[in-house]
Amino acid sequence: MTFERPILQILIQRLKEPRQKIQVLSGARQVGKTTLSIQALKKITQPYLHVIAESGFTTNWLDQQWAIARSQSQKHPEGAILVIDEIQKIDNWSERVKRLWDEDSISGKLLKVVLLGSSSLLLHRGLTESMAGRYEIIHVPHWSFSECKSAFNVSLDEYLYFGGYPGALIYRHDEERFLSYMQDSIIEPVVTRDILSQFVIHKPALLRELFRLGCEYSGQILSFNKMIGQMHDAGNTTTLAHYLKLLDQAGVLKGIDKFANEKVRQRQSSPKLQVYNTALMTGVSNIDFSSTIQNPELKGRLIESAIGANLLMDPKSEVFYWRENNKEVDFIVRTKGKLIAIEVKSGIKMKTPSGLEVFHKNFSPDAMLLVGTGGIPLDVFLKTPLTQFL
């Protein structure tokens, strides 16, 4: 039986509603957006058309698929559903989708539309260019520990090392194939197809170095000047900040800002590098599973990065770090009007909780959590919605 993610119910519910807006499945590469759409279509009674765009397809192809779906919508009282996968491969797709959707709105056709693509960068660029007010996004996050355990029966250590890409977890017992999958199906497509081939990148080698550096230093605060000192290809802080933003929008690497009451101070802070999936760390490290898990320092980095990645799964939450002088708190989360401070203790980090105490004195958070040694067990934290700790 195919595993069904909880987010599937959100998509099904939206598809059963009267025609309102275009539904957009947004998320990083290889998190299961296509599988999600196919599962949803199998659970509804309306006729549907699921098509996949290919490179070189024109807007004429889009017109043809739309016309077929329109004819299907006339055969059912609730209309029909058109799902277009890899929509970003069609040049000027957003302008044409806007026109076709507006035509249906005026004529009263009951055609519902779902858009998804492997490149979240290109998808969002098209949406912001032309589609304002016509769509709503369903964010498809990376797979959580609970989902991976239910679908693949992974252990906690396996989740830390092999991460939450379902396609990669298939190869967790064959590390050579796991590394090949990470390189060929995720890392290279994100860097080459999603960024280098679609955006003006004057220093492609610098972008690649930044991605690798971010994976190696995930969980660490690193100024842009220090990043430049670690790289062979010369660059400047403005260029690095721009490249880091692109990697963030692609769903692989984020620069977490320092928490402060003033937005200006947040933007000026040194970023804390954070991968969206720990498989990206091990995918570039070339250190095998056993050696990594048995090394306290390497495992500690995976633990903190796994917690950070887990916090980034909720697009409605804001994630920060905090540091003043020698006092530090690993993660600060602002969610649903609440402020939560989180300190990670993996066994090798011997920091005292004084950072939490100072932060509490200065900002009065709604909750302070210690995760790991002496606190909330890691597996419990990863399985539990953050708001339940309030």
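Could you pull out the residue among Leu298, Leu339, Leu312 that is over 17 Å from the mean Cα position of the chain (by Cα), buried (at least 17 other Cβ atoms within 10 Å of the Cβ) and either closer than 30 Å to Glu175 by Cα or small (Gly, Ala, Ser) (or both)? Let's see the steps before the verdict.
Working: Leu339 fails: either closer than 30 Å to Glu175 by Cα or small (Gly, Ala, Ser) (or both); Leu312 fails: over 17 Å from the mean Cα position of the chain (by Cα).
The match here is Leu298.
Yes or no: the stretch 75-85 includes at least one residue that is of a type in the set (Asp, Glu) and assigned to a loop (DSSP other than H, G, I, E, B). Don't jump to the end; show me each part of the working.
Initial filter on the stretch 75-85 (of a type in the set (Asp, Glu)): 78, 85.
Keeping just the survivors that are assigned to a loop (DSSP other than H, G, I, E, B) gives 78.
Taking every residue of the stretch 75-85 in turn, at least one turns out to be of a type in the set (Asp, Glu) and assigned to a loop (DSSP other than H, G, I, E, B).
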| note | Among the residues of the stretch 83-110, the number that are basic (Lys, Arg) and within 25 Å of the chain's Cα centre (by Cα) is 1
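Keeping to the stretch 227-241, report how many residues are part of a helix (DSSP H, G or I), surrounded by 13 or more Cβ atoms within 10 Å (Cβ to Cβ) and out of contact with any His (no Cβ under 9 Å at 6 or more places or on another chain). Talk me through it step by step, then tell me what you get.
We begin by selecting, within the stretch 227-241, every residue part of a helix (DSSP H, G or I); these are 227-230, 237-241.
With the extra rule that they be surrounded by 13 or more Cβ atoms within 10 Å (Cβ to Cβ), the set shrinks to 227-228, 230, 239-241.
From what is left, the residues that are out of contact with any His (no Cβ under 9 Å at 6 or more places or on another chain) are 227-228, 230, 240-241.
Qualifying residue count for the region: 5.
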| request: State whether one or more residues within the stretch 79-96 are closer than 21 Å to Trp61 by Cα, free of Cβ contacts under 8 Å to residues at least 60 places away in the same chain and among the basic types (Lys, Arg). | output: yes
| Evaluation of Asn92 against (1) outside the structural domain of Pro18 (by TED's automatic domain parsing); (2) surrounded by fewer than 22 Cβ atoms within 10 Å (Cβ to Cβ) (one fails), failing number | (1)
| When you look at Ser290, is it at pLDDT 95 or above, among the small types (Gly, Ala, Ser) and within 30 Å of Asp379 (Cβ to Cβ), yes or no? | yes
| Boolean, Arg134 is in contact with a strand residue (DSSP E or B) (Cβ under 7 Å, 6 or more places away or on another chain) and either on the phi < 0 side of the Ramachandran plot or not assigned by TED's automatic domain parsing to the domain that holds Trp66 (or both) | yes
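Taking Gly56, is it closer than 30 Å to Val275 by Cβ and either buried (at least 18 other Cβ atoms within 10 Å of the Cβ) or not assigned by TED's automatic domain parsing to the domain that holds Gln249 (or both)?
The answer is no for Gly56.
Residue-by-condition table, conditions (1) over 19 Å from the mean Cα position of the chain (by Cα); (2) β-branched (Val, Ile, Thr):
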position	(1), (2)
Gly163	no, no
Leu169	no, no
Arg177	yes, no
Ile187	no, yes
Arg193	no, no
Gln198	yes, no
Ser223	yes, no
Leu244	no, no
| remark: Quick count over the stretch 171-213, residues being under 16 Å from Thr278 (Cα atoms), part of a loop (DSSP other than H, G, I, E, B) and of a type in the set (D, E, K, R), is 1
| message | I'd like the full set of residues that are more than 22 Å from Leu123 (Cα to Cα) and either surrounded by 23 or more Cβ atoms within 10 Å (Cβ to Cβ) or among the charged types (D, E, K, R) (or both), limited to the stretch 154-167. | response | Asp157, Glu158, Tyr159, Leu160, Tyr161, Phe162, Gly163, Gly164
| note | Every listed condition ((1) crowded, with 20+ Cβ neighbours inside 10 Å; (2) not assigned by TED's automatic domain parsing to the domain that holds Ile44) holds for Ala151 save (1)
| said: Looking at Gly355, Gly308 in this structure, which one is under 19 Å from Ala367 (Cβ atoms), touching a Lys or Arg at 6+ places or on another chain (Cβ under 6 Å) and in contact (Cβ under 8 Å) with a residue 24 or more places away in the chain? | reply: Gly355
| Failed criterion for Ala132 (all others in (1) in contact (Cβ under 8 Å) with a residue 40 or more places away in the chain; (2) assigned to a loop (DSSP other than H, G, I, E, B) hold) | (1)
| request: Please go through the stretch 243-252 and pick out each residue that is surrounded by 15 or more Cβ atoms within 10 Å (Cβ to Cβ) and assigned to a helix (DSSP H, G or I). | output: Tyr243, Leu244, Leu246, Leu247, Asp248, Gln249
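The values are calculated or read from the model by the stated rules, or taken from the named source; none is laboratory data. Bear in mind the structure is a predicted one, so any value in this text is a computation, not a measurement. Glycine also receives a Cβ, built like all others from the backbone with ideal geometry; neighbour counts cover every protein chain displayed.
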